[in-house]
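Worksheet: the structure to be examined is printed underneath.
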Amino acid sequence: MSEFDTIAAAATAMVSSGIGIIRISGGESFSVMEKVFRPYNQRKKMSSQPAYTVHYGTIVDKDEVLDEVLVVLMRAPHSYTAEDTVEIDCHGGRLVMQRILELVLQNGARLAEPGEFTKRAFLNGRIDLSQAEAVMDVIQSKNQMALKSSVSQLQGSVRLEIEKLRSAILYETAYLEAALDDPEHISLEGYPQELLKKVEGLCKELDDLLKASENGRFLKEGIKTVILGKPNAGKSSLLNVLLGEERAIVTEIEGTTRDVLEEQLQLGDLSLLLLDTAGIRSTEDLVEQIGVERARKQAQDADLILYVADSSRPLNESDEEILDILRGKRALVLLNKSDLLPVLTPEMMEKKTEHKVLSISAKEEQGIRELEQEIRAMFFQGELDFNEEVLITNMRQKEALKDAKSSLQMVMESIRSNMPEDFYTIDLSDAYQALGKILGEEMDEDLINEIFGKFCMGK
Amino acid sequence: MNTVYKEICQAVVVGAGHAGCEAALACARLGIDTVLFTVSVDSIALMPCNPNIGGTSKGHLVREIDALGGEMGKNIDKTFIQSKMLNVSKGPAVHSLRAQADKSEYSRSMRRVLENTDHLSIVQAEVAEILTEEGKDGKVVKGVRTVSGALYEAQAVILCTGTYLRARCIYGNVSSYTGPNGLQAANHLTDSLRKLGIELFRFKTGTPARIDKRSIDFSKMEEQRGDEQVVPFSFTTDPESVQIPQVSCWLTYTNEKTHEIIRENLDRSPLYSGMIEGTGPRYCPSIEDKVVRFADKERHQVFIEPEGLYTNEMYVGGMSSSLPEDVQHAMYSSVAGLEHVRIVRNAYAIEYDCIDARQLYPSLEFKTIHGLFSGGQFNGSSGYEEAAAQGLVAGINAARMIQKKEPLILDRSQAYIGVLIDDLVTKENREPYRMMTSRSEYRLLLRQDNADLRLTEIGHEIGLILEERYQGLKEKERQIQEEIRRVERVYVGTSEKVQKLLESYESTPLHSGISLAELIRRPELNYEVLAPVDPDRPKLLRGVAEQVNIHIKYDGYIRRQQKQVEQFQKLENRKIPEDLDYDEIPSLRIEARQKLKIVKPVSVGQASRISGVSPADISVLLVWLEQKKGRKG
């Protein structure tokens, strides 16, 4: 653990709002800022600007301008953490803030642990002693929460993949160490070239994981979108159209979807976590009852509800029940089956539900584009948002993946430049530890156990 | 009338194995009147198992012991019969020196040193009891009582009982309550230690048979010679003095038949019948263990090593065992070259009492008994070198305690000794602990070649390194710095001589001038081979060229580790007061609280290495300590 390096994080929530603040703290914060910030007056030497000054300019990634910002400079000990601190005031919004933060991380800062700014403020004497207990509480609870969510949000398949990579790295490290420890029993003849191939393979797999983490396929993240409706209103058909594949089973029989189906949908750079539910009606079927109950529950903490109504059939008490759930929630009403003769009209529905109404035909794939556009618009106008914690978790994990990858690249570099074998293990161990962070696991005695477990050695 | 013999000294060392010898020498050399107890004066510095000193990572320990002013390196330099630098094709961090010893010479030579050291006396007796009294901060050591009732009063007692405490030797269904080689076990001390509240448990280790050289057919084995140019262990040994005729070791292999014999008789092994209760080390498994755990291996290596020049006994490395006598005969004679083997001493397993070293501070003093120290196998380690290293530190710290000085604590970035002791006193240790280079996270900095540069200054401060040696070190340091600067500055041109030299090492020819340092960095070149194109090269002290070469070649990696060490030291320097009450700290997780109470770490750094203590717990601890400090100003 590094206690006194340079850390960064969003100081405001990463949601759509007027202003967002990215905070950097630590000895390197000025040099990190200089690498990403281009002042309006380009001759201005940023690092020699006085404390408590504000500078206008742009955040630039290579040549791409990410945002127009104001940069606030503070020097130790006159800042919240009592360290050199830079605050970047940018435009609020998840995408902008995420990209700026990632850029800052790429340029030498580390993503702050939960509660770390506060911890530093305290350790550097900026917070009153009487608040120590509160500080300790925050650190412990925030970290435990982050750890829990980090592991639980991981997709099952991703978790398996990381475990596989990790055990492959551990095996090679242990082999090397066993050979270094017992050269008379275990030979490394020809091994470096073999390792090079293996590490290349591991790097490719890491690349796939990185891509997955960038496309949001890494975590069960996204705007939690629950599809509600009466049985056979066409909920599952809608899901299938949106996903472009036959995911949910579509039949003519009412109550086919008895459980909640979960899918991730990418709308450009926006990702939705789609939940298809059992149709809502009073039913005697026990299994279906459980499904309905689950649908209700899911709807309660949804970010967005898509209410699918069959425009060719009149409303009944089941619809009333749904309308009840919809009250006070972010929702869109979808009048499905616009290809059939309508009984319900948009005007009627809009008045009744006080939500925006769109006409669609899941079967004919009509109105789907409009639906997507509407969701995007809601998001970018700040009406929609999703759990920020997931975003930070994802960023932390992406950072760990990148660390692991650059460590493996160092291993390849060492092999290619004919460095002695014992140098490989330094970076292999780093890669192992980086991946361990994603799973919330540490190295401890893993290596020693692997050496003795897998290789026969000793006098 | 109650008449017992009574003597007053300053320090008592219990046991004269590798830990005890170093402990006693360190104490005495620091001016402390020291009595060294042994159950047999003839078994001082005995090597009851393998006949060698050093090896991977253990060679590092020996070098470090030497750099601090210990004896092991000097003693093996005087008594070795073969020497080899291992891993020379690999990086400098894993080069390790290993020497075959003439066992009886090693023992005799160490005894001679002990017998001729001022302030040191040797007493043959079994210590039965540790005497303490209640001081104002808990128990304080007063001295020891021997089995015969004699009293030795002392301010410090160092326990180096090795494998002798309630020792039991076992093979097949035969077991005898003796130490190694049938030596008398120490059966009384355990009770005394228990009464003092010290927790003990059982560890186990084993040794292979010794066989008669005349019964071996060496033509069926591969000869293993020593190095042509021998490198001494001690930085003080004249390299010329160690260029002596050497004796060979021999390599052969087990085979399917050997394995079959073992498998058929597993039910007669005391390990599997439950007769042995102690935990054995995974890194030196018995041959039956290897056959069971690595069933797919068709053969295992067997090293036949001489026990000395004046004996025909040979050590059968790789085949330690506790199988019954008849099985041992069948098993050994199934190995190529051993068809007519005559066994002199059977292989056996040995069980003994030792402690969970988390009861010790990193100074190797017991947390609950002031003045009581311990080192070596008693602390749950294994190996001569690990023992000697701890003995040295325990001896130094006992002397410093008596002299009211701060203890010597080497950290993980300074020495393998630091790694060894930190692991022992911090982590839960479930088997005899052996040093390994992979246990050292900064091994690129902790090389065997620079042990003097790392530690001799410390040895000098302590008082175990004489002024002359210290001045020699200072001169060496100066030359290294100067020579590194010089090779960075000196440019070589594209002369024919240079290009020819490069060509002969298959190195890319030069297009323009380049610094010597740049050339040294090329993997196929080094400092040494560039001598012909470096006419101004000065005459340098021994070892300087090697340091220059390593520093230039691995500069990037070395810097990286140095940066990590800086981070590491920040937490090491955050000390935790001895009387910290972990129950008072809110927000610590229960598991962390329990572990911290057991280990009582001396620094936040040590706390961070306890398994079960999370980074968040460490943050909480830091905040608490800051608050306790009550912030001044």
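Considering segment B:182-223 alone, what residues qualify as being exposed (fewer than 15 other Cβ atoms within 10 Å of the Cβ) and not assigned by TED's automatic domain parsing to the domain that holds B:GLN359?
Of everything in segment B:182-223, those that are exposed (fewer than 15 other Cβ atoms within 10 Å of the Cβ) and not assigned by TED's automatic domain parsing to the domain that holds B:GLN359 turn out to be B:ARG214, B:ASP217, B:PHE218, B:SER219, B:LYS220, B:GLU222, B:GLU223.
Residues that are without any contact (Cβ under 8 Å) to a residue 24 or more places away in the chain and more than 14 Å from chain A (Cβ to nearest Cβ), at least 2 per element: which strands (runs of 3 or more DSSP E) completely within segment B:74-141 meet that?
By residue number, B:127-135.
B:ILE610: touching a residue at least 60 places away in the same chain (Cβ under 8 Å), crowded, with 17+ Cβ neighbours inside 10 Å and within 12 Å of chain A (Cβ to nearest Cβ), yes or no?
So B:ILE610 fits the description; yes.
Restricting to segment A:431-449, count the residues that are assigned to a helix (DSSP H, G or I) and more than 10 Å from chain B (Cβ to nearest Cβ).
10
Could you check, for segment A:109-128, whether at least one of its residues is among the acidic types (Asp, Glu), within 14 Å of chain B (Cβ to nearest Cβ), free of Cβ contacts under 8 Å to residues at least 24 places away in the same chain and under 30 Å from B:ARG593 (Cβ atoms)? Can you show your working first?
Initially, segment A:109-128 is screened for residues among the acidic types (Asp, Glu), giving A:113, A:116, A:128.
Cutting the leftovers down to within 14 Å of chain B (Cβ to nearest Cβ) gives us A:113, A:116, A:128.
If we keep only those that are free of Cβ contacts under 8 Å to residues at least 24 places away in the same chain too, we end up with A:128.
Of the ones still in play, those that are also under 30 Å from B:ARG593 (Cβ atoms) are A:128.
Yes, segment A:109-128 contains at least one residue that is among the acidic types (Asp, Glu), within 14 Å of chain B (Cβ to nearest Cβ), free of Cβ contacts under 8 Å to residues at least 24 places away in the same chain and under 30 Å from B:ARG593 (Cβ atoms).
For segment B:303-325, which residues satisfy the criterion of being more than 24 Å from B:SER175 (Cα to Cα) and at the interface with chain A (Cβ under 10 Å from one of its Cβ atoms)?
Matches in segment B:303-325: B:PHE303, B:GLU305.
Is one or more of the residues making up segment A:40-57 among the β-branched types (Val, Ile, Thr), in the same structural domain as A:ASN107 (by TED's automatic domain parsing) and either surrounded by 22 or more Cβ atoms within 10 Å (Cβ to Cβ) or closer than 20 Å to A:ILE392 by Cβ (or both)?
no
Identify all residues within segment B:252-295 that are over 22 Å from B:CYS169 (Cβ atoms), within 10 Å of chain A (Cβ to nearest Cβ) and part of a loop (DSSP other than H, G, I, E, B); write none if there are none.
Scanning segment B:252-295 gives a single hit, B:PHE294.
Here are the criteria: (1) buried (at least 24 other Cβ atoms within 10 Å of the Cβ); (2) part of a strand (DSSP E or B); (3) away from chain A (no Cβ under 14 Å). Tell me which single one B:GLU7 does not satisfy.
(1)
Would you point out which residue out of B:LEU86, B:LEU114, B:LEU68, B:LEU120 is under 23 Å from the mean Cα position of the chain (by Cα), under 20 Å from B:ARG400 (Cβ atoms) and at pLDDT 95 or above?
Values: B:LEU86 fails: under 20 Å from B:ARG400 (Cβ atoms); B:LEU114 fails: under 20 Å from B:ARG400 (Cβ atoms); B:LEU120 fails: under 23 Å from the mean Cα position of the chain (by Cα).
The unique qualifying residue is B:LEU68.
With respect to B:ARG574, determine if the residue is touching a Gly at 6+ places or on another chain (Cβ under 9 Å) and either over 22 Å from B:GLU488 (Cβ atoms) or more than 9 Å from chain A (Cβ to nearest Cβ) (or both). Spell out how you get there, then give the answer.
Numbers: touching a Gly at 6+ places or on another chain (Cβ under 9 Å): yes; either over 22 Å from B:GLU488 (Cβ atoms) or more than 9 Å from chain A (Cβ to nearest Cβ) (or both): yes.
In short, yes.
For A:ILE438, indicate whether it is more than 23 Å from A:ALA9 (Cα to Cα) and assigned by TED's automatic domain parsing to the domain that holds A:TYR175.
no
Can you tell me which residue among B:VAL242, B:VAL291 is in contact with a His (Cβ under 6 Å, 6 or more places away or on another chain) and of a type outside the set (Phe, Trp, Tyr)?
Only one candidate passes the filter, namely B:VAL291.
Could you list all residues from segment B:520-554 that are in a loop (DSSP other than H, G, I, E, B), in contact (Cβ under 8 Å) with a residue 60 or more places away in the chain and not aromatic (Phe, Trp, Tyr)?
Scanning segment B:520-554 gives B:LEU540, B:LEU541, B:ARG542, B:GLY543.
Can you tell me which residue within segment B:437-454, out of those that are surrounded by 22 or more Cβ atoms within 10 Å (Cβ to Cβ), outside any loop (DSSP other than H, G, I, E, B) and within 11 Å of chain A (Cβ to nearest Cβ), is farthest from the chain's Cα centre (by Cα)?
Among those that are surrounded by 22 or more Cβ atoms within 10 Å (Cβ to Cβ), outside any loop (DSSP other than H, G, I, E, B) and within 11 Å of chain A (Cβ to nearest Cβ), it is B:SER438.
Here's a check for you: in segment B:613-633, which residue that is surrounded by fewer than 17 Cβ atoms within 10 Å (Cβ to Cβ) and more than 7 Å from chain A (Cβ to nearest Cβ) is modelled with the lowest pLDDT?
B:GLY633
Yes/no matrix, rows are residues, columns are (1) in the same structural domain as B:GLY493 (by TED's automatic domain parsing); (2) within 16 Å of A:ASN418 (Cβ to Cβ):
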{"residue": "B:SER507", "(1), (2)": "yes, yes"}
{"residue": "B:PRO523", "(1), (2)": "yes, yes"}
{"residue": "B:PRO535", "(1), (2)": "yes, no"}
{"residue": "B:LEU541", "(1), (2)": "yes, no"}
{"residue": "B:GLN547", "(1), (2)": "yes, no"}
{"residue": "B:PHE568", "(1), (2)": "no, no"}
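Being within 12 Å of chain B (Cβ to nearest Cβ) and either modelled with pLDDT of 80 or more or in contact with a helix residue (DSSP H, G or I) (Cβ under 9 Å, 6 or more places away or on another chain) (or both) is the requirement here; does A:GLU399 meet it? Steps first, answer last, please.
Numbers: within 12 Å of chain B (Cβ to nearest Cβ): no; either modelled with pLDDT of 80 or more or in contact with a helix residue (DSSP H, G or I) (Cβ under 9 Å, 6 or more places away or on another chain) (or both): yes.
Against the criterion (within 12 Å of chain B (Cβ to nearest Cβ) and either modelled with pLDDT of 80 or more or in contact with a helix residue (DSSP H, G or I) (Cβ under 9 Å, 6 or more places away or on another chain) (or both)), A:GLU399 does not qualify.
Which of the residues belonging to segment B:577-595 are more than 13 Å from every other protein chain (Cβ to nearest Cβ), assigned to a loop (DSSP other than H, G, I, E, B) and either surrounded by 11 or more Cβ atoms within 10 Å (Cβ to Cβ) or among the hydrophobic types (A, V, I, L, M, F, W, C) (or both)?
B:LEU580
Results for (1) surrounded by 17 or more Cβ atoms within 10 Å (Cβ to Cβ); (2) within 14 Å of chain A (Cβ to nearest Cβ); (3) in contact with a Leu (Cβ under 8 Å, 6 or more places away or on another chain); (4) of a type in the set (Phe, Trp, Tyr), shown as yes or no for each residue.
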| site | (1), (2), (3), (4) |
| --- | --- |
| B:LEU516 | yes, no, yes, no |
| B:LEU525 | yes, yes, yes, no |
| B:PRO532 | no, no, yes, no |
| B:ARG537 | yes, no, no, no |
| B:LEU541 | no, no, no, no |
| B:ASN549 | yes, yes, no, no |
| B:GLN561 | yes, yes, yes, no |
| B:PHE568 | yes, yes, no, yes |
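Could you tell me which residue of segment A:416-444 is surrounded by the most Cβ atoms within 10 Å (Cβ to Cβ), considering only residues that are at pLDDT below 90 and closer than 17 Å to B:THR437 by Cα?
A:MET443
Against the definition (farther than 25 Å from B:GLU461 by Cα, of a type in the set (Asp, Glu) and either touching a residue at least 40 places away in the same chain (Cβ under 8 Å) or assigned to a helix (DSSP H, G or I) (or both)), how does B:GLU64 come out, yes or no?
Values: farther than 25 Å from B:GLU461 by Cα: no; of a type in the set (Asp, Glu): yes; either touching a residue at least 40 places away in the same chain (Cβ under 8 Å) or assigned to a helix (DSSP H, G or I) (or both): yes.
The answer is no for B:GLU64.
Counting only residues that are within 30 Å of B:GLN359 (Cβ to Cβ) and of a type outside the set (Gly, Ala, Ser), give me the strands (runs of 3 or more DSSP E) lying completely in segment B:176-238 with at least 1 of them.
B:200-207
With B:VAL565, B:VAL533 as the choices, which residue is of a type in the set (A, V, I, L, M) and under 30 Å from B:PHE233 (Cβ atoms)? Write out each step before concluding.
On the way: B:VAL533 fails: under 30 Å from B:PHE233 (Cβ atoms).
Among B:VAL565, B:VAL533, only B:VAL565 is of a type in the set (A, V, I, L, M) and under 30 Å from B:PHE233 (Cβ atoms).
The values are calculated or read from the model by the stated rules, or taken from the named source; none is laboratory data. Quick caveat, the model's predicted, so the values are computed rather than measured. FYI the Cβ positions are ideal-geometry reconstructions off the backbone, even for glycines, and counts take in every protein chain you see.
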